[in-house]
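The values are calculated or read from the model by the stated rules, or taken from the named source; none is laboratory data. All figures in this text were calculated on a predicted structure; none of them were measured in a lab. All Cβ positions, glycine included, derive from the backbone under ideal geometry; neighbour counts span all protein chains shown. Ligands, DNA and RNA are stripped out before the accessible areas are found, and what is left, the full protein with its side chains, is counted by its heavy atoms. Shrake-Rupley method; radii C 1.70, N 1.55, O 1.52, S 1.80 Å.
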Amino acid sequence: MSRFFDPKYDSLEAYTPGEQPKDNVLLKLNTNECPYPASPKVLAAVKKEKAFRLYPDPTSSRAVTAIAAYYGLDEDQVTVGNGSDEILAFAFMAYGRRICFPSISYGFYPVFAQVFGCDAEEIPLTEDLEIALSDYADKDRTVLIANPNAPTGLAHTRAEIEALIARDPDRLVIVDEAYVDFGAQSCVPLIRKYDNLLVIQTMSKSRSLAGMRIGMAMGAAPLIQDLNTIKFSFNPYDLSRDAIAAAAAAMEDKAYFEQTRDKIIATRAWFAEEMRQLGFAVLPSSANFVFAKTGSEYFQAMRQEGIILRHFDKDPIRDWVRITVGTDEQMQRLIGATKKWLAAR
Ligand SMILES: *Cc1c(COP(=O)(O)O)cnc(C)c1O
């Protein structure tokens, strides 16, 4: 820290991203990327984009149009950002003055709360590592939940979340649906019914575009207007020209999206069952990762085998490890390494 750094950041603890190794020898199952490449139509759209001399469209309208069309929303009910991390940052700036979220969830939430000086309440999970929606029912602050939650992969139904939204029309509910495509019910169909619901999604996981940095927010037009006010006060050109082209093409290629998503879901099913057979507790996942109770030595042992997983050294999940669902071959390699480790113990 230099002596010039604003002392208000003295205790700021920045987010620690999962390891992004520079070489390709390690099998990366730690940051929930898609193991399959982006749609060929995305690659073609990016290739066609040539006017890099010019600033991109600050409204990213091609991307917004494609997302609105995909979900049957109006264009003023959608905005995009530089990854959903940026959208979340805008949401904390706009609605985070008094906010609550689960104490075990996306690790960026408390960091945003701190950097933006929010009054944040962290609500523990149940003993079964579930978000107890009843704990949020009467909270007189913005509610932020991830559905499915990370790193557990556990999801609530749309009806359960709708009850929370309907309970207090003067309280905003933000649902982070980073993993919703892998088997949970999206709250997007509720957007026309409730103006106190904001849904945030990303193209990083289910659409193989983590490297492009594209996130989206969907909600009633006044909410989207708020987020755009923040965005235009901060970084109006937040999506590059190639990201806008990629985002539109990714939403339009529904067939490719469904094919890769279905492959992940099928791999997850047998992999989770295989881990259970090996004796580990595995939570039922609605995401592209599996949360398994392996003990923390397992995480170190797999690292020795060249496989990186994600471990959170935090109660009550210290004995659990989050494993991204890769290809069948990758998961076979992990199962092989796991059996070897179990045999050597
Ligand atoms: C990955 C993730 C994000 C961020 O995704 P971006 O790559 O910034 O779009 C947001 N929320 C959750 C719960 C995530 O797991």
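For the subset of the range 4-28 comprising residues that are open to solvent by less than 80 Å² (accessible area, probe 1.4 Å) and of a type in the set (Phe, Trp, Tyr), which member is farthest from residue 205 (Cα to Cα)? Per the stated criteria, the residue is 9. Being of a type in the set (A, V, I, L, M), touching a residue at least 40 places away in the same chain (Cβ under 8 Å), in contact with a Lys or Arg (Cβ under 8 Å, 6 or more places away or on another chain) and within 16 Å of the ligand (Cβ to nearest atom) is the requirement here; does residue 210 meet it? Answer is no for this residue. Filtering 261, 268 for residues that are over 16 Å from residue 215 (Cβ atoms) and either of a type in the set (S, T, N, Q) or open to solvent by 50 Å² or more (accessible area, probe 1.4 Å) (or both) leaves a single hit, 261. All of 239, 198, 227 fail the test of being open to solvent by less than 10 Å² (accessible area, probe 1.4 Å), part of a loop (DSSP other than H, G, I, E, B), within 16 Å of the ligand (Cβ to nearest atom) and farther than 26 Å from residue 265 by Cβ, apart from 239. The range 76-177 holds strands (runs of 3 or more DSSP E) entirely within its bounds, and those carrying 2 or more residues that are at pLDDT 95 or above and away from the ligand (no atom under 12 Å from the Cβ) map to 78-81, 98-102, 119-123, 142-146. Looking only at residues in the range 65-75 that are without any contact (Cβ under 8 Å) to a residue 60 or more places away in the chain and touching a helix residue (DSSP H, G or I) at 6+ places or on another chain (Cβ under 6 Å), the one that is farthest from the ligand (Cβ to nearest atom) is 75. Out of curiosity, is residue 224 touching a Leu at 6+ places or on another chain (Cβ under 6 Å) and more than 26 Å from residue 36 (Cβ to Cβ)? No. Taking each residue of the range 166-188 that is within 14 Å of residue 150 (Cβ to Cβ) and looking for partners that are among the hydrophobic types (A, V, I, L, M, F, W, C) and open to solvent by 20 Å² or more (accessible area, probe 1.4 Å) with beta-carbon atoms closer than 6 Å, six or more apart or interchain, yields 184/155. Looking at residue 173, is it open to solvent by less than 30 Å² (accessible area, probe 1.4 Å) and over 24 Å from residue 291 (Cα atoms)? Yes; evaluated as a whole, the condition is true for this residue. Among the criteria (1) closer than 25 Å to residue 177 by Cα; (2) in a helix (DSSP H, G or I), the one residue 329 does not fulfil is (1). A count restricted to the range 17-51 and to residues that are in a loop (DSSP other than H, G, I, E, B) and under 18 Å from residue 247 (Cβ atoms) stands at 9. Quick one: is residue 220 within 12 Å of the ligand (Cβ to nearest atom) and open to solvent by less than 40 Å² (accessible area, probe 1.4 Å)? For residue 220, the condition - within 12 Å of the ligand (Cβ to nearest atom) and open to solvent by less than 40 Å² (accessible area, probe 1.4 Å) - is not met. Among the residues making up the range 106-128, a single one is over 30 Å from residue 7 (Cα atoms) and buried (at least 19 other Cβ atoms within 10 Å of the Cβ): 125.
The C-beta contact set for the range 221-240 (first residue farther than 14 Å from residue 80 by Cβ, second residue open to solvent by 90 Å² or more (accessible area, probe 1.4 Å), distance under 7 angstrom, 6+ apart or interchain) comprises 222/195.
Scanning the range 295-322 for residues that are farther than 20 Å from residue 23 by Cα, open to solvent by less than 10 Å² (accessible area, probe 1.4 Å) and either assigned to a strand (DSSP E or B) or hydroxyl-bearing (Ser, Thr, Tyr) (or both) returns 298, 321. The single condition from (1) open to solvent by 20 Å² or more (accessible area, probe 1.4 Å); (2) of a type outside the set (Lys, Arg); (3) more than 16 Å from the ligand (Cβ to nearest atom) that residue 234 fails is (3).
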